[in-house]
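What follows is a single structure, written as structure tokens, with notes after it.
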Amino acid sequence: MPQAKSDLADMVAYRSVHAPQDNPPADCEHMVTWLQQVFTKAGFAEVETHVTSDGSKTVTGIKRGPEGAPTVLLYFHHDVQPVPDESQWDTPPWTLTDGKDKRWYGRGAADCKGNIAVHLTAIRALGDNLPVTLKIVGEGSEEQGTGGLEDFVPENPDLLAADAILVADAGNFQAGIPTLTTSLRGVTNVRVTVDTLEGPMHSGQFGGPAPDALAALISMLATLRDAKGDTTVKGLPSDQTWPGQQYDADQFRTDARVLPGVDLLGDGTVSDMLWARLAATVIGIDCPSVDDATPAVQAKARALISMRVPPGIDAEVAQRALMDHLTAVAPWKVKLTVEPMIVGQPFVAATKGPAHDAMVASLSAAYEKDVVSLGQGASIPLCNVFQTTFPKAEIMLLGVEEPKALIHAPNESVDPSEIENMSLSLALFLQKFAAARS
């Protein structure tokens with residue numbers, strides 16, 4: 001654990017934000033160099049960097065096990081979210097800092113450099129007694145979502161082929177509760193534009209009969225949820241249920257930082273709403289801000305809608321249904337433009353097989369608790385690329401990013417016990433999986 005902490009301190013110090021227009025790329029380069037050196041020292045051969053289609057660098061390497069042993073691919077990403085306002089942090093974001101609550105604070109401490117520390121700690125624990133062939137693939141632009149590794153994987157199947165793929169970019173239901181993430185919602189974005197006038201008109205002279213583009217847009221967006229808060233897109237189901245681990249509503253309120261007295265949404269359980277159902281969110285509106293407002297009827301208004309799509313619904317079908325819905329509810333014969341944007345399919349991870357069974361046994365042994373399964377409301381398009389490119393591989397998602405980690409937010413942190421227990425779980429898994437396949 002002292003070495004794991006030292007590793008993490010080194011990594012957190014690199015401001016590896018893959019956004020060259022806003023951040024100097026030097027720290028991304030330093031991070032890549034550090035990974036090459038540390039994995040080479042850990043016994044990996046052919047540790048190489050590859051410039052991907054979005055300009056980011058992916059790190060790969062291999063540590064060969066006994067002849068005939070199964071192959072395990074360890075995925076991580078080495079880029080991090082930016083820190084736009086350091087004043088919102090209680091500790092220096094680019095320095096790994098001990099908190100009074102015994103957590104370790106710093107940008108990337110959990111997402112995803114804490115998971116890199118897990119890989120390294122488990123690999124060192126096994127030393128030369130590696131029972132499998134290990135491969136690594138470290139992505140350099142995951143947080144930006146620009147798809148460099150998504151292009152790289154199908155172009156290099158021999159380099160990354162494996163029997164089991166561990167995507168270390170998830171976390172436990174709570175610290176200390178061993179968890180496998182078994183599903184991811186997909187995502188589809190739609191941009192809608194309403195035009196009604198040649199330009200804004202004085203609300204005193206023309207307000208009333210003049211068609212207000214912003215009012216039309218608001219009325220359309222309001223149809224995306226019913227009075228209970230369920231997403232209601234015509235032609236798509238809104239009553240699915242989650243059969244696995246249930247998310248306590250009070251705990252969710254705490255984790256999501258819901259204000260006292262404000263209702264949670266939907267007529268299902270938190271798990272239903274978060275992992276099994278559609279969720280349409282208006283993530284941006286173009287219209288005058290309050291500070292810049294003038295007394296005018298708006299001529300144009302635009303919104304970007306992001307809809308999370310659970311397993312069982314095709315994301316492209318969902319996108320078409322959302323576009324049709326918006327078109328159908330537009331009032332007053334307004335001029336309407338509805339544009340499809342991104343589409344990412346939902347994903348279902350391995351829930352049976354020798355690797356899955358070995359991982360469940362390993363997590364249970366390390367944490368001394370039963371393993372639970374949960375979904376994730378977010379999307380990781382790379383998982384679908386892995387699944388398409390390597391259809392026989394068992395893909396599992398896990399990691400150190402439990403709710404208190406506050407990934408992407410100020411005061412990101414990691415619970416050191418999660419690094420310790422996940423490292424032990426990984427070391428045990430590599431042994432148990434090799435034994436199962438022998």
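Would you mind telling me which numbered condition in (1) under 30 Å from VAL233 (Cβ atoms); (2) hydroxyl-bearing (Ser, Thr, Tyr); (3) open to solvent by 20 Å² or more (accessible area, probe 1.4 Å) SER183 fails? Failed condition: (3). Here MET359 meets the list (1) open to solvent by 20 Å² or more (accessible area, probe 1.4 Å); (2) not in a loop (DSSP other than H, G, I, E, B) almost entirely, failing just condition (1).
The number of residues in region 1-36 that are of a type in the set (S, T, N, Q) and closer than 16 Å to PHE76 by Cα comes to 3.
Here's the yes/no breakdown for (1) touching a residue at least 60 places away in the same chain (Cβ under 8 Å); (2) in contact with a strand residue (DSSP E or B) (Cβ under 6 Å, 6 or more places away or on another chain); (3) within 18 Å of GLN36 (Cα to Cα):
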site: ALA109; (1), (2), (3): yes, yes, no
site: ARG124; (1), (2), (3): yes, no, yes
site: ASN129; (1), (2), (3): no, no, no
site: GLU150; (1), (2), (3): yes, no, no
site: VAL153; (1), (2), (3): yes, no, no
site: PRO157; (1), (2), (3): yes, no, no
site: ALA164; (1), (2), (3): yes, yes, no
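Looking only at residues in region 384-415 that are among the β-branched types (Val, Ile, Thr) and not in a loop (DSSP other than H, G, I, E, B), the one that is most open to solvent (accessible area, probe 1.4 Å) is THR388. Could you please let me know if THR196 is within 30 Å of ASN384 (Cβ to Cβ), of a type in the set (Ser, Thr, Tyr) and crowded, with 16+ Cβ neighbours inside 10 Å? No; evaluated as a whole, the condition is false for this residue. Scanning region 352-369 for residues that are in contact (Cβ under 8 Å) with a residue 60 or more places away in the chain and more than 19 Å from PRO70 (Cβ to Cβ) returns SER364, ALA365, ALA366, TYR367, LYS369.
Applying the set (1) open to solvent by 20 Å² or more (accessible area, probe 1.4 Å); (2) at pLDDT 95 or above; (3) under 25 Å from the mean Cα position of the chain (by Cα) to PRO131 leaves exactly one unmet item: (3). Once region 306-351 is narrowed to residues that are out of contact with any Leu (no Cβ under 7 Å at 6 or more places or on another chain), open to solvent by less than 20 Å² (accessible area, probe 1.4 Å) and in a strand (DSSP E or B), the residue that is farthest from ALA213 (Cα to Cα) is GLY344. Screening HIS50 against (1) surrounded by fewer than 18 Cβ atoms within 10 Å (Cβ to Cβ); (2) touching a residue at least 60 places away in the same chain (Cβ under 8 Å); (3) in a loop (DSSP other than H, G, I, E, B) leaves a single unmet condition, (3).
Yes/no matrix, rows are residues, columns are (1) modelled with pLDDT of 90 or more; (2) in contact with a strand residue (DSSP E or B) (Cβ under 8 Å, 6 or more places away or on another chain):
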| position | (1), (2) |
| --- | --- |
| THR327 | yes, yes |
| MET341 | yes, yes |
| MET359 | yes, yes |
| GLU368 | yes, no |
| GLN376 | no, yes |
| PRO381 | no, yes |
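Of the residues ASP169, ASP158, the single one that is closer than 30 Å to THR121 by Cα and surrounded by fewer than 16 Cβ atoms within 10 Å (Cβ to Cβ) is ASP158.
The set of residues from region 403-438 being modelled with pLDDT of 95 or more and charged (D, E, K, R) comprises GLU412, ASP415, GLU418, GLU420, LYS432. Checking each residue in region 93-102 for being open to solvent by less than 70 Å² (accessible area, probe 1.4 Å) and more than 24 Å from the chain's Cα centre (by Cα) picks out THR97, GLY99.
Yes or no, residue by residue, for (1) assigned to a helix (DSSP H, G or I); (2) of a type in the set (A, V, I, L, M, F, W, C); (3) at pLDDT below 95:
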| site | (1), (2), (3) |
| --- | --- |
| ASP79 | no, no, no |
| PRO84 | no, no, yes |
| ASP90 | no, no, no |
| PRO93 | no, no, no |
| LYS102 | no, no, no |
| ARG107 | no, no, no |
| ASN115 | yes, no, no |
| HIS119 | yes, no, no |
| ARG124 | yes, no, no |
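If you filter region 207-249 down to residues that are at pLDDT 95 or above and acidic (Asp, Glu), you find that the one that is surrounded by the most Cβ atoms within 10 Å (Cβ to Cβ) is ASP212. Residue count for region 64-90 satisfying the condition of being hydroxyl-bearing (Ser, Thr, Tyr) and buried (at least 17 other Cβ atoms within 10 Å of the Cβ): 2. Hey, among the residues in region 141-153 that are open to solvent by 20 Å² or more (accessible area, probe 1.4 Å) and part of a loop (DSSP other than H, G, I, E, B), which one's farthest from ASP54 (Cα to Cα)? Restricting to residues being open to solvent by 20 Å² or more (accessible area, probe 1.4 Å) and part of a loop (DSSP other than H, G, I, E, B), the top hit is GLY145.
The values are calculated or read from the model by the stated rules, or taken from the named source; none is laboratory data. Keep in mind it's a predicted model, so treat the numbers as computed, not measured. Please note: Cβ atoms are built from the backbone with ideal geometry, for glycine as well, and neighbour counts cover all protein chains shown. Protein only, heavy atoms only, side chains kept; ligands, DNA and RNA dropped before computing areas. Shrake-Rupley method; radii C 1.70, N 1.55, O 1.52, S 1.80 Å.
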